[in-house]
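Worksheet: one structure, shown below.
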Amino acid sequence: MSGIGATAAPVSVDRGTYFFLSYAHSPPMLEDPRLDPDKWVKVFFDDLSAAIRGQISVPDDQQVGFFDAQLSSGADWEETLTIALGNTQVFVPLYSPAYLSNSWPLGELEAFRRRLKASTVGEKYRHIVPVLWIPLPPWDQTAETREALELAGDVVGYAENGLRALCMLASYRSAYREVLNRIATEITQIAQRHPLPSSVVPKVADARSTSRADAQFVVVVAAPTRAEAPAEGAPGVYADRSEQWRPFGQDQALPAAKYVASTAERLGLSTHITSFANAGDVMARCPSVLLVDPWIVSDSAGEHDLALVLKRLPRWVIPLVVLNENDPLARSAGDRFADRVARIFDRANRPTARRISQLSEFVKIMPELVTEARRQFLKNAPVVPTDRPRVRRPQLGRPETSGGSNVFPGAEEDR
């Protein structure tokens with residue numbers, strides 16, 4: 001049954017769905033970032049949608065489930081997720097070690113729990129149907145993973161290997177179908193017997209405003225403000241603050257930096273957004289993506305500032321030049337400034353920054369850039385020195401007496 005479900009089309013979240021699929025996003029695969037690391041989540045979503053359709057009667061054009069891979073490139077992801085969480089009947093979390101340590105899917109779960117808490121519907125907590133996607137070690141079980149075993153713990157291979165393995169391996173095909181049908185039946189029964197009215201839920205990101213000091217990842221925006229930008233530019237591109245830059249104008253619902261931040265947060269990294277002018281030393285302390293609008297070097301001052309920063313830019317800061325190919329102004333002067341940015345990188349002995357010209361390309365490349373910045377940081381960042389006092393470690397040999405205590409020469413060492 002794996003992979004035979006109908007391919008999901010973009011969903012209208014204003015219409016209610018039977019289930020919301022929540023999972024921990026996986027970082028891109030180093031060997032080929034173009035491959036989908038969450039391929040089997042998509043297969044399961046399609047199969048579960050098909051199984052539910054086999055038990056109910058719904059119009060062909062109505063989606064029965066919500067899966068965030070359906071979102072369009074320019075969508076306001078957080079707003080769309082919030083609406084979907086408020087309009088779905090059942091929340092299906094795919095529990096795994098990554099899920100239980102990632103603030104994004106846990107935020108989705110908490111938002112839905114708050115919706116249930118405020119509801120008067122019967123058997124409200126049956127509206128969460130957990131799935132053991134990847135098992136935890138026996139010594140690290142949680143209440144959530146034990147709950148995920150209640151529905152299908154008796155099915156061969158499920159408790160030991162998780163549903164992801166059953167979905168992937170042909171030898172577990174019958175076991176996978178059994179678990180899949182049980183999940184579909186549970187969803188349809190609770191949705192039909194105790195329908196959950198649509199309601200407002202808190203935004204997933206509301207409780208996760210990250211300060212500069214607490215950030216695990218940083219997005220830095222090098223772009224003019226509205227007051228500094230060319231007057232003849234496309235509408236909606238520039239705002240009062242650089243962080244609000246929308247290079248693709250009205251085609252994107254969120255500023256460019258928010259797309260990067262959402263990607264990093266879905267990968268479990270608390271993220272801070274700042275402007276190039278206010279970045280200070282933050283890029284020296286955190287993996288970062290530097291978004292560059294070529295118009296930042298339209299004058300000598302901007303060119304000088306960018307060149308100065310590039311000379312000491314750490315390897316874990318991944319720059320990206322963004323230029324909208326559909327903006328007539330960008331096609332003329334913008335290309336010239338982008339070439340100027342490339343020359344500045346060359347003079348600073350930095351690898352040429354990647355250049356993106358389409359919104360869909362920008363969104364698609366984000367997981368790869370975030371993952372590469374994180375990898376470079378772990379590989380190249382200096383070890384932070386400890387603040388603990390030095391202590392003397394005993395050594396074999398003749399002790400020397402100093403002030404009535406035994407001191408072992410050459411033993412002073414950071415612990």
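Looking at the stretch 71-92, is at least one residue assigned by TED's automatic domain parsing to the domain that holds Leu166 and free of Cβ contacts under 8 Å to residues at least 60 places away in the same chain?
Looking through the stretch 71-92, none of the residues is assigned by TED's automatic domain parsing to the domain that holds Leu166 and free of Cβ contacts under 8 Å to residues at least 60 places away in the same chain.
Look at the stretch 228-246 and say how many of its residues are closer than 26 Å to Ala307 by Cα, in contact (Cβ under 8 Å) with a residue 12 or more places away in the chain and part of a loop (DSSP other than H, G, I, E, B).
9
Could you tell me which of the residues Ala175, Ala148, Ala111, Ala184 is under 20 Å from Gly268 (Cα atoms) and surrounded by 18 or more Cβ atoms within 10 Å (Cβ to Cβ)?
Of Ala175, Ala148, Ala111, Ala184, the one residue that is under 20 Å from Gly268 (Cα atoms) and surrounded by 18 or more Cβ atoms within 10 Å (Cβ to Cβ) is Ala111.
Residue-by-condition table, conditions (1) assigned to a helix (DSSP H, G or I); (2) hydrophobic (A, V, I, L, M, F, W, C):
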site: Ala152; (1), (2): no, yes
site: Ala159; (1), (2): yes, yes
site: Tyr172; (1), (2): yes, no
site: Leu180; (1), (2): yes, yes
site: Ile183; (1), (2): yes, yes
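Condition check ((1) surrounded by 14 or more Cβ atoms within 10 Å (Cβ to Cβ); (2) assigned to a helix (DSSP H, G or I); (3) modelled with pLDDT of 85 or more; (4) not assigned by TED's automatic domain parsing to the domain that holds Lys258) across all residues:
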position: Ala279; (1), (2), (3), (4): yes, no, yes, no
position: Val289; (1), (2), (3), (4): yes, no, yes, no
position: Ala301; (1), (2), (3), (4): no, yes, yes, no
position: Pro314; (1), (2), (3), (4): yes, no, yes, no
position: Ala333; (1), (2), (3), (4): yes, yes, no, no
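Looking only at residues in the stretch 346-375 that are among the small types (Gly, Ala, Ser) and outside any helix (DSSP H, G or I), which one is surrounded by the fewest Cβ atoms within 10 Å (Cβ to Cβ)?
Here the answer is Ala348.
Condition first: loosely packed, with under 15 Cβ neighbours inside 10 Å and either touching a strand residue (DSSP E or B) at 6+ places or on another chain (Cβ under 6 Å) or at pLDDT 80 or above (or both). Now tell me which residues in the stretch 38-68 satisfy that.
Passing the criteria: Lys39, Gly54, Ile56, Ser57, Val58, Pro59, Gln62.
Looking at the stretch 87-102, which of the residues that are surrounded by fewer than 22 Cβ atoms within 10 Å (Cβ to Cβ) and in a loop (DSSP other than H, G, I, E, B) is modelled with the lowest pLDDT?
Asn102
For the stretch 247-268, what are the residues that are in a loop (DSSP other than H, G, I, E, B) and either more than 27 Å from Lys311 (Cα to Cα) or not assigned by TED's automatic domain parsing to the domain that holds Leu308 (or both)?
If the condition is that a residue be in a loop (DSSP other than H, G, I, E, B) and either more than 27 Å from Lys311 (Cα to Cα) or not assigned by TED's automatic domain parsing to the domain that holds Leu308 (or both), then Phe248, Gln252, Ala253, Leu254, Pro255, Leu267, Gly268 are the ones that fit.
Ala84 fails exactly one of the following numbered conditions: (1) over 27 Å from Arg246 (Cβ atoms); (2) crowded, with 23+ Cβ neighbours inside 10 Å. What is the number of that condition?
The one condition Ala84 does not meet is (1).
The values are calculated or read from the model by the stated rules, or taken from the named source; none is laboratory data. On a predicted model such as this, the values are computed, not experimentally measured, just so you know. As a convention, Cβ positions derive from the backbone with ideal geometry for all residues, glycine included, and neighbour counts pool all protein chains shown.
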